[in-house]
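The values are calculated or read from the model by the stated rules, or taken from the named source; none is laboratory data. Since this is a predicted model, take the numbers as computed values, not measurements. Positions of Cβ are generated from backbone atoms using ideal geometry, with glycine treated the same way; all protein chains shown enter the neighbour counts. For accessibility, only protein heavy atoms count, side chains too; no ligands or nucleic acids. Shrake-Rupley method; radii C 1.70, N 1.55, O 1.52, S 1.80 Å.
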Amino acid sequence: MKNLSIDRIVLRHISIPMKEPFRISNGVVSQKESIIVELYSGEFVGYGEASPMSGSFYSSETPATTWTALERDLVPALLALPELEPHLSVETLNAYGLEPFARAGIEGAVWDLYAQSNRITLQEIFQSPIGMIPSGVAVGMYDSIGMLLDRIERYRKDGYQRVKIKIAPGWDFEPLVEIRMQFGNKLQLMVDANGAYNFDEHFDLLCSLDEFELMMIEQPFAADALDESAELSHSIDTPICLDESADSLASLETIIKKHAATILNIKVQRVGGLWNAKKMLERARAAKLKCWLGTMPELGIASMQALVLASLPGFSYPTDIEASSRWFEDDVIEPPLEIDKKGFIVLPKDGWKVNPEKLEKYTINKKEFWR
């Protein structure tokens, strides 16, 4: 395998309209903003995507903080390396410690450039089997339960293999009653609270969700409330899944030690890149935790790269990565992500490419860095 030197790096802040506003317990977003990282070496260009949501949505990281970290620290650090060697790049990025979305974006571009220059695929690098990847749909909060039921019906017809709804205090028990009444218990259903509940106030309510035969309750409490998560996990039959709590190998060790969950949602963006996500999967499997691959959601670049991991042994549930048209008015890759009528992601036979014209169309800020 040959290594390369980087000639230049381009950062693009892009913004693409979403099909409809996406609302969870702590925010709403209607535009998808991402920072696209382009690495150039001779005839080759590698693409990565740093994909935090706008505002304080899923995390403290935002497009603005991600751009600053890349511009001020991570791009200069990568340019300072004598050659592009992916594992050395990962070490350099992890040493930075902060801004996992920024690290994931630049790491994705490193792997992409390395794969292209060596005429291999990311699947070969990560030893991923080429298989059918099941997809599940995530549904936000709406102004009425009727609107929620309408969206679930629509996405079930599209083929998605399971449904995840967002919940929060005041939007939980009643929507679940209506969902089960309309769709029955055969609907594979899970809920995601994004840390919206308080243990002392909501413990009994969360225990009552057992009656809905859910696949799991995802992140009921705040990210650092692992003792509370452990107690809930031991008190109900419904499995507890952690997401925001699982942002690093160190946090995973604490989750394992405290028996705080039985399922882990691993997100490439949250944990700082593909290599870190793979290591977390390996550790979780060793601890007998079940896992699935989540999304923020991301545009096509980050989604396609994350899907490289989705077929690895240990991912036991459908991924949250969905068709491009589910979320966005447009995407920057061709062909766009699609799923078939049985709910499996359709991987392009001839691979995928970034459309430079669309990148330019949706760019709202751009900066170039030369060696």
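Tell me which residues, restricted to region 148-157, are over 15 Å from MET181 (Cα atoms) and open to solvent by 60 Å² or more (accessible area, probe 1.4 Å). Walk me through how you get there before you give the answer.
Start the filter on region 148-157 by keeping residues that are over 15 Å from MET181 (Cα atoms), which leaves 151, 154-157.
Selection gives ARG154, ARG156, LYS157.
Can you name the residue in region 327-353 that is within 21 Å of GLN31 (Cβ to Cβ) and of a type in the set (Phe, Trp, Tyr) and is also nearest to the chain's Cα centre (by Cα) among such residues?
First, the residues of region 327-353 that are within 21 Å of GLN31 (Cβ to Cβ): 327-333, 336-337.
Going one step further and asking which of them are of a type in the set (Phe, Trp, Tyr), we end up with 327-328.
Details: TRP327: 13, PHE328: 15 Å.
Checking each candidate, the answer is TRP327.
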Extreme residue, farthest from GLY140 (Cα to Cα), among residues of region 198-233 that are open to solvent by 10 Å² or more (accessible area, probe 1.4 Å) and in contact with a Phe, Trp or Tyr (Cβ under 8 Å, 6 or more places away or on another chain) = GLU231
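Would a scan of region 304-316 turn up a residue that is more than 21 Å from GLN127 (Cβ to Cβ), open to solvent by 10 Å² or more (accessible area, probe 1.4 Å) and not in a helix (DSSP H, G or I)?
Initial filter on region 304-316 (more than 21 Å from GLN127 (Cβ to Cβ)): none.
Checking region 304-316: not a single residue is more than 21 Å from GLN127 (Cβ to Cβ), open to solvent by 10 Å² or more (accessible area, probe 1.4 Å) and not in a helix (DSSP H, G or I).
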query = Looking at (1) aliphatic (A, V, I, L, M); (2) at pLDDT 95 or above; (3) over 19 Å from the mean Cα position of the chain (by Cα); (4) not in a strand (DSSP E or B), which is the only condition LEU39 fails?
reply = (4)
Selection status of ILE266, in contact with a Phe, Trp or Tyr (Cβ under 7 Å, 6 or more places away or on another chain), modelled with pLDDT of 95 or more and surrounded by 22 or more Cβ atoms within 10 Å (Cβ to Cβ) = no
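From the list ALA250, ALA277, pick out the single residue that is over 23 Å from ALA109 (Cα atoms) and at pLDDT 95 or above.
Values: ALA277 fails: over 23 Å from ALA109 (Cα atoms).
Selected residue: ALA250, the only one of ALA250, ALA277 that is over 23 Å from ALA109 (Cα atoms) and at pLDDT 95 or above.
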ask   = Restricting attention to region 234-249, which residues are more than 18 Å from MET280 (Cα to Cα), open to solvent by less than 20 Å² (accessible area, probe 1.4 Å) and not hydrophobic (A, V, I, L, M, F, W, C)?
value = THR238
task = State all residues of region 69-119 that are basic (Lys, Arg) and either in a helix (DSSP H, G or I) or closer than 19 Å to LEU299 by Cβ (or both); if no residue qualifies, say none.
result = ARG72, ARG103
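For region 129-147, enumerate the residues that are open to solvent by 10 Å² or more (accessible area, probe 1.4 Å) and under 18 Å from the mean Cα position of the chain (by Cα). So that I can check it myself, show each step before the final result.
The initial filter retains those residues of region 129-147 that are open to solvent by 10 Å² or more (accessible area, probe 1.4 Å), namely 129-132, 134, 141-147.
PRO134, the sole residue that qualifies.
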query = Taking the stated definitions as given, is ALA260 over 19 Å from the mean Cα position of the chain (by Cα), in a loop (DSSP other than H, G, I, E, B) and either surrounded by 17 or more Cβ atoms within 10 Å (Cβ to Cβ) or free of Cβ contacts under 8 Å to residues at least 12 places away in the same chain (or both)?
reply = yes
task = Being among the charged types (D, E, K, R) and outside any helix (DSSP H, G or I) is the filter; apply it to region 274-303 and report the residue that is surrounded by the most Cβ atoms within 10 Å (Cβ to Cβ).
result = GLU298
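For region 82-101, indicate whether the set of residues that are open to solvent by less than 30 Å² (accessible area, probe 1.4 Å) and more than 22 Å from the chain's Cα centre (by Cα) is non-empty.
Yes, some residue in region 82-101 is open to solvent by less than 30 Å² (accessible area, probe 1.4 Å) and more than 22 Å from the chain's Cα centre (by Cα).
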